[in-house]
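A quick write-up on the structure given underneath.
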Amino acid sequence: MPSTMSEAMATSMINAENIHKRFGAVEVLKGVSLQISKGEVIAVIGPSGSGKSTFLRCLNHLETIDSGRIEIEGAVLASTDANGHCHYAPDAEVRQICRKMGMVFQHFNLFPHLTVLQNIIEAPITVKGMKREEIIPVAEELLRKVGLFPKRDSYPARLSGGQKQRVAIARALAMEPDIMLFDEPTSALDPELTGEVLRAMRQLADEHMTMLVVTHEMGFAREVAGKVLFMDHGEIIEARPAAELFANPEHPRTRAFLDNML
Amino acid sequence: MDYVLNILGPLIEGTGVTLKMFMVTIVLAVPLGLALALLRISRWPFVSTLVNAYIWLMRGTPLMLQMLFIYFALPFVPVIGIRLPDFPAAVVAFVLNYAAYFAEIFRAGIQSIDRGQYEGAKVLGLSYAQTMRRIVLPQMVKRILPPVSNETITLIKDTSLIYVLAMNDLLRAARGIVQRDFTTTPFIVAAAFYLAMTLVLTWGFQYLEKRYAVYDE
């Protein structure tokens, strides 16, 4: 079966195995594994403190893992040897690998001293060495896509939360990532502003972007995600197709959580 | 009035010395202070501790003592002992001293930038150096303008310390005339000169603050 093996490897965008992570005495990830294939949209749900954000942040090296293995599109970001020591790829390689992933944060993390357009073109120019005249049309197209072209020259402080988050999405997309990570992208927004951000994300999913979304938006998880992971106390309790998990949660903890949410 | 016009010549000459001292110190101490700040927050504990000790030394002893040391004692220090003429000796002392103060201002500014800014830059692929240059330092500037303005105004007045190396700065020139003519008018004129210089500085910094006000945080 070598051909199916290599096929599986070629389409596996993220392969995380048995990730352990502790903050001091607290073990926040107790052996979490995840595989995400090209074009797949996975939602991660669970109570706060369940480790879901930490897990996401480990995947793109915002946190370092204590043990386990992370592969991004076949490139090894971190691995653990037989003695249990975790090794990361060299710095330059880590940066190279992590560039395949874009990320959207709960608190946007836009650069306040740069205009909307400058926020988007900064990394393509500084990191990829693109010319301004090459990237500006791309950035403007992305702004149109998220419906913010008129805000091109505004500073982030002048935008609403929903607008900021859409700029953050455009900024991440400008680096042409293969995978998008979302860390509670609507949790800091007023309820009436979540819709516009979720719409932009749904549009991305429709374009077959590979997405991993940590979220409290059960509606979004049910409608957009192919698969939903339920995490609690640093473990994945259930990982099933969205419709199944919501209709018929297997584990009592999943059921309790969903009952609470809905 | 005639008397004031009479003494303007030497006072203007003194102002020249004061301004030269001020400019050279600023031009050299600001970049050195920035370098020290970056080393102070670096990942290497040894470097950080060393810079910390340097800052302690420079802030912990009088500037005048440092100046006297560099002028009179440095020539007798083994290996690095060189004899500097008065102006270079004063410049070295002022730059080393002011860089320490600027370093702490810059460090405070850098450390006030939210961690999310580093993370936002990191996930876009920016290296640490690129993050500093493009994201953190430009935002730092806005936040440190008020303390830097303070420090700069202090510097222009501190330059009067160079009289101990017998250099004719504005205040020493004024004092010379006071002692010669038995009148305190030169002091008043010198005060007016200092006020004029600090006024220009104040305006300069107000202009910068206004320019940086185009964005909020």
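Return the residue satisfying two criteria in turn: it lies in segment A:92-106 and is within 8 Å of another protein chain (Cβ to nearest Cβ) and under 20 Å from A:Leu204 (Cα atoms), and of such residues it is surrounded by the fewest Cβ atoms within 10 Å (Cβ to Cβ). Show your work before the answer.
Of segment A:92-106, the ones within 8 Å of another protein chain (Cβ to nearest Cβ) are A:95, A:98-99, A:101-103, A:105.
Next, only the ones that are under 20 Å from A:Leu204 (Cα atoms) stay: A:98-99, A:101-103, A:105.
Numbers: A:Cys98: 23, A:Arg99: 20, A:Met101: 25, A:Gly102: 28, A:Met103: 26, A:Phe105: 23.
Selected residue: A:Arg99.
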- Message: So A:Asn60 passes all but one of these: (1) more than 26 Å from A:Glu184 (Cβ to Cβ); (2) touching a strand residue (DSSP E or B) at 6+ places or on another chain (Cβ under 8 Å). Which condition number does it fail?
- Response: (1)
- Note on the structure: A:Gly46: passes all of (1) farther than 20 Å from A:Ala172 by Cβ; (2) more than 18 Å from the chain's Cα centre (by Cα); (3) surrounded by 22 or more Cβ atoms within 10 Å (Cβ to Cβ) but (2)
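Might you let me know whether segment B:149-170 holds any residue that is basic (Lys, Arg), surrounded by fewer than 20 Cβ atoms within 10 Å (Cβ to Cβ) and away from chain A (no Cβ under 14 Å)? Write out each step before concluding.
To start, the set of residues in segment B:149-170 that are basic (Lys, Arg) comprises B:157.
Cutting the leftovers down to surrounded by fewer than 20 Cβ atoms within 10 Å (Cβ to Cβ) gives us B:157.
Those still in the list that are away from chain A (no Cβ under 14 Å) too: B:157.
Among the residues of segment B:149-170, at least one is basic (Lys, Arg), surrounded by fewer than 20 Cβ atoms within 10 Å (Cβ to Cβ) and away from chain A (no Cβ under 14 Å), which makes the answer yes.
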- Message: What's the total number of residues in segment A:181-207 that are over 15 Å from A:Gly102 (Cβ atoms) and among the small types (Gly, Ala, Ser)?
- Response: 3
- Task: Determine if segment B:85-96 includes at least one residue that is more than 30 Å from A:Phe182 (Cα to Cα), free of Cβ contacts under 8 Å to residues at least 40 places away in the same chain and out of contact with any helix residue (DSSP H, G or I) (no Cβ under 8 Å at 6 or more places or on another chain).
- Result: yes
- Task: Filter segment A:56-72 down to residues that are touching a helix residue (DSSP H, G or I) at 6+ places or on another chain (Cβ under 8 Å) and either surrounded by fewer than 19 Cβ atoms within 10 Å (Cβ to Cβ) or part of a strand (DSSP E or B) (or both) and give me whichever is nearest to the other protein chains (Cβ to nearest Cβ).
- Result: A:Glu63
- Item | Qualifying position, being exposed (fewer than 14 other Cβ atoms within 10 Å of the Cβ), in a helix (DSSP H, G or I), of a type in the set (Gly, Ala, Ser) and more than 14 Å from chain A (Cβ to nearest Cβ), among B:Ala103, B:Ala73, B:Ala99, B:Ala108 | B:Ala73
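Just so you know, all these numbers are worked out from the coordinates, no wet-lab data involved. This structure is a prediction, so every number in the text was calculated from the model and none was measured. FYI the Cβ positions are ideal-geometry reconstructions off the backbone, even for glycines, and counts take in every protein chain you see.
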